[in-house]
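Contents: one structure, followed by commentary.
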Amino acid sequence: MVASQTLEQLGLMKHVFLTGASSGIGLATARVLMGCGHEVWGTARDPVRLPQQEHFHPVQLDLRNSSEIDGVFLRALRQAGHFDVVINNAGSGHFGAAELLSISEMADQFQILFFAPARVIQLALSAMRPRETGLIINVTSLAERFPVPFMAAYNAGKAALAAFTMSMQVELAQSRIRLIDLQPADICTNFNNAVPKSNHDGLYSVKTAQTWEIIERNLKNAPGPNLVAQRVVKLIEQASPAPRVTVGSAFQARMAPLIFRFLPQRLRIWGLRKYYRL
Ligand SMILES: NC(=O)c1ccc[n+]([C@@H]2O[C@H](COP(=O)([O-])OP(=O)(O)OC[C@H]3O[C@@H](n4cnc5c(N)ncnc54)[C@H](OP(=O)(O)O)[C@@H]3O)[C@@H](O)[C@H]2O)c1
């Protein structure tokens, strides 16, 4: 309480809108932000899954319902008065061979990972315009650069949001409103448990089973979501944060991107096939 009063008096207390605050990276971020004295408007499909505590304002939102996004955001905005920070974090993946994905499975991924966050960005921008200041953090994924096999629609949805973010960083060059593309590597959360899987018999069954095992092992051995939460707080505190940030183990988040940058595409694909034993 004292901390938040002090932050408020100093004009440092932030109003944050955060999607996907019920689990993993979003929940850890909400907790760290509240611990610093900030106010969080956090979303989930079922508000029962959200924290019930001071400084947290639960918001019900299903990103698949595109018609409800404007109303939900604007209601939260009216309550908050303004948002200093908007974080597009909510997301989920789909596991299945690209060759066999239905259009509706792909559309569902794009709705959750691209169309909904893109609309939230537009709403956030228009809310930040009168003050001409604010920060929008889009949680994409390192999968944008290192595609996970059998998660093609997920990789593509994240790549689309990363490209959208970069386009806006160029368009908003004269503005004090900033966007960040935050790309986590593997982070140990509930993410894999929420992944629906296509049922493949025959052609892909062995390869998908083998790949899923590797994906599961990587996630279990990955750093926890607090690593990302702490980075978010640092980004919020910085006057001029980096436009694209990777977070995760040293190998995945630092070494691999550095090596990848200088490799021809043929070698990148070879490396990924070796990594996933395909
Ligand atoms: N974990 C990783 O290794 C990793 C790596 C790179 C990027 N990411 C990204 O980080 C973000 C957070 O993932 P996480 O690892 O923290 O996973 P998580 O523990 O499964 O949390 C996902 C969050 O997104 C929300 N969500 C999922 N589908 C939604 C929908 N249709 N509408 C509204 N909210 C929805 C969930 O809320 P409810 O289910 O309660 O509604 C939950 O709060 C995602 O965008 C993910 O793609 C994760």
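Figures for the structure shown
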| read-out | value |
| --- | --- |
| Vicinal HN-Hα couplings computed from phi for the stretch 180-189 (Karplus, 6.51 cos²θ - 1.76 cosθ + 1.60; Hz; Gly/Pro x) | 10, 9, 9, 10, x, 7, 4, 10, 6, 9 |
| The stretch 124-129 - phi-based ³J(HN,Hα) in whole Hz, Karplus 6.51/-1.76/1.60, Gly and Pro as x | 4, 4, 5, 6, 7, 3 |
| Mean residue ellipticity (222 nm) of the chain, computed from DSSP H runs ≥ 4 via -39,500 (n - 2.57), nearest 500 | -13500 deg cm²/dmol |
| Sequence of 6, 208 from largest to smallest accessible area, 1.4 Å probe | 6, 208 |
| Translational D in µm²/s for the stretch 2-275 (Stokes-Einstein at 4 °C, 1.567 mPa s, Kirkwood Rh from C-alpha pairs) | 67 µm²/s |
| The chain, relative contact order in percent, only Cα pairs under 8 angstrom and at least six apart counted | 18 percent |
| Amide H contacts under 5 Å for residue 179, placed H, 5+ residues apart | 136 |
| Distance histogram in 10 Å bins (all Cα pairs of the stretch 108-198, percent per bin) | 16, 46, 27, 11, 1 |
| Coil-residue chymotrypsin sites (Phe, Trp or Tyr not before Pro) of the stretch 184-262, DSSP, other Cβ within 10 Å capped at 12 | 262 |
| Euclidean distance between Cα centres, the stretch 187-233 to the stretch 118-167, Å | 21 Å |
| Kirkwood Rh in Å, taken over all unlike Cα pairs in the stretch 3-124 | 15.2 Å |
| Cα-based Lys pair tally, the chain, threshold under 22 Å, eight or more apart or on separate chains | 8 |
| 10 Å Cβ shell holding at most 13 others, DSSP loop, GluC sites (Glu not before Pro): longest site-free stretch of the chain | 133-278 |
| Solvent-accessible surface ranking, highest first, for 255, 168, 106 at 1.4 angstrom | 255, 106, 168 |
| Accessible-area order (highest first, 1.4 angstrom probe) of the listed residues 100, 135, 203 | 203, 100, 135 |
| Extension gain (nm, one decimal) between residue 98 and residue 266, 0.36 nm per residue minus Cα-Cα | 58.5 nm |
| Portion, in percent, of the accessible area of the stretch 1-88 that falls on carbon or sulfur, probe 1.4 Å | 49 percent |
| The stretch 242-274-the stretch 50-117 distance, computed between alpha-carbon centres (Å) | 28 Å |
| Karplus (6.51, -1.76, 1.60) ³J(HN,Hα), θ = phi - 60°, over the stretch 213-222, in Hz, Gly and Pro reported as x | 4, 5, 4, 5, 5, 4, 5, 5, 8, 7 |
| Fully extended contour minus Cα-Cα distance, from residue 64 to residue 205, at 0.36 nm per residue | 47.9 nm |
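The values are calculated or read from the model by the stated rules, or taken from the named source; none is laboratory data. Fair warning: this is a prediction, and the values are worked out from it, not measured in the lab. Positions of Cβ are generated from backbone atoms using ideal geometry, with glycine treated the same way; all protein chains shown enter the neighbour counts. Only protein heavy atoms, including side chains, enter the accessible area calculation; ligands, DNA and RNA are left aside. Shrake-Rupley method; radii C 1.70, N 1.55, O 1.52, S 1.80 Å.
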